[in-house]
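Before any comments, here is the structure.
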Amino acid sequence: MAVSGFEGFEKRLELRFFNDDTNKNPMGLRLIDFESLDQVLTQVQCTVVSAVANHSFDAYVLSE
Amino acid sequence: SSLFVYPTKIIIKTCGTTQLLKSIRPFIHLARTLNLTLRACRYSRGSFIFPKAQPFPHTSFEDEVAIVEDSLPKSLRHRKASVMTPSNNPSRAWHVFTASADVEPDEPLVVVEVCMTELDRVNALSFFRRRGDEKINSDSAGREMTRLSGIDAINQNAFVCDFAFDPCGYSMNGVDGDRYSTIHVTPEDGFSYASFECGLSLYDDGRGDIAEVLSRAIDVFRPDCVSVATTYGGEDYDHEVTKRVERVLAKKLGLKCRSRLMDEFPGSGTVVFQSFTPRRR
């Protein structure tokens, strides 16, 4: 927690990958298991507090 | 904060003093286990309200860029870092670093990132948990905040996944086909902040779409200070979108566009950064 208040402005990172074998692996990054995602988020100092998914992507609300 | 995972794209957006850049290497490694290789990376942020509270390397953009560059494979040859600084308000700059393996950008979505401060105090009250509803869990309280604030009207086709923090604060992700949207709110007076982000396409009157969605999102918070970063990751720059954004903010909130900056990023498209403050009365 910042000394005088909670920093609002966010940091945003986007990583895009080549999709040369989506025929073989249409789910792509969505196959990353939750434990692995959670480990990465722990390094960032975040945890998942809510999640939703549809046929296109997975969306997670995080908390610091 | 939010994380979105598409088959070939990961977007992670965090606030506070998180160590976001530490996620780059592990994500690239996890992707490699699925035979997916990195094509492009984009890191962006506004200007921190409390920069001294940020841990290294987020204390300076130069340090951030050095850490990001060090985390990326050499194949991402086309790189650029830019700090888009409004001449009238240097403390509200937009920081962008991009790296790409290809010189041609290919992201079909246009991403609109809105940062709002000095939120309307009455509207911001929607994002405080009410005394006596401590027994309601964060999901239910989040749903109540979504309804109370009118966020559910921004895109009525979207499924909203929301969460209320304690004693105040709010986050939501919207899911609508392959379109994502996200809102994060810090309602406390003195450093109130709200962000709204969505990915939109310019086809099928997407321009109108952007203006309409932006109008509804701004209406929820009625901020006194707004910045809008529009990223064309593959589409050509569209001046009509820029004009509509300025028209919406002028009409809805009486905000005047104080600065309009544009920059090109090799293999990663074009970014337009507009900043708005109230028209002098």
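Only the coordinates and a few stated rules stand behind these numbers; no lab work does. Source: prediction; values computed, not measured. Reconstructed Cβ throughout: ideal geometry from the backbone, glycine too, with neighbour counts over all protein chains shown.
Here are some notes:
- The alpha carbon gyration tensor of region B:30-184 gives principal lengths a ≥ b ≥ c with a/c of 1.5 or higher and a/b greater than b/c, which makes the shape prolate.
- Charge dipole magnitude, Cβ of K and R +1, D and E -1 - chain B, Cα centre, debye nearest 20: 700 debye
- Judged by the gyration tensor of its Cα atoms, with axes a ≥ b ≥ c, the protein assembly as shown is rounded; a/c sits under the 1.5 cut.
- Extension gain, B:Thr37 back to B:Ala250 (0.36 nm per residue minus Cα-Cα distance, nm): 72.3 nm
- Prolate/oblate/rounded label for region B:151-198 (Cα gyration tensor, a/c 1.5): prolate
- Pairs from the list A:Lys11/B:Lys80; B:Lys22/B:Lys74; B:Lys9/B:Lys52; B:Lys22/B:Lys52; B:Lys9/B:Lys74 with a Cα-Cα gap above 21 Å: B:Lys9/B:Lys52.
- Student exercise, region B:60-137 dipole from Lys, Arg, Asp, Glu Cβ charges, in Debye to nearest 20: 440 debye
- This ranking places B:Tyr170, B:Tyr237 by how few other beta-carbon atoms lie within 10 Å of each, fewest first, which gives B:Tyr237, B:Tyr170.
- Exposure proxy for B:Phe159, B:Phe4: other Cβ atoms within 10 Å of each Cβ, ordered fewest to most, give B:Phe159, B:Phe4.
- Value of [θ]222 nm, deg cm²/dmol, for chain A, DSSP H segments ≥ 4, -39500 (n - 2.57) each, nearest 500: -5000 deg cm²/dmol
- Across the options B:Gln156, B:Leu119, B:Ala99, the greatest Cα extent toward the positive end of the charge dipole of chain B (unit charges at beta carbon of Lys, Arg, Asp, Glu) belongs to B:Leu119.
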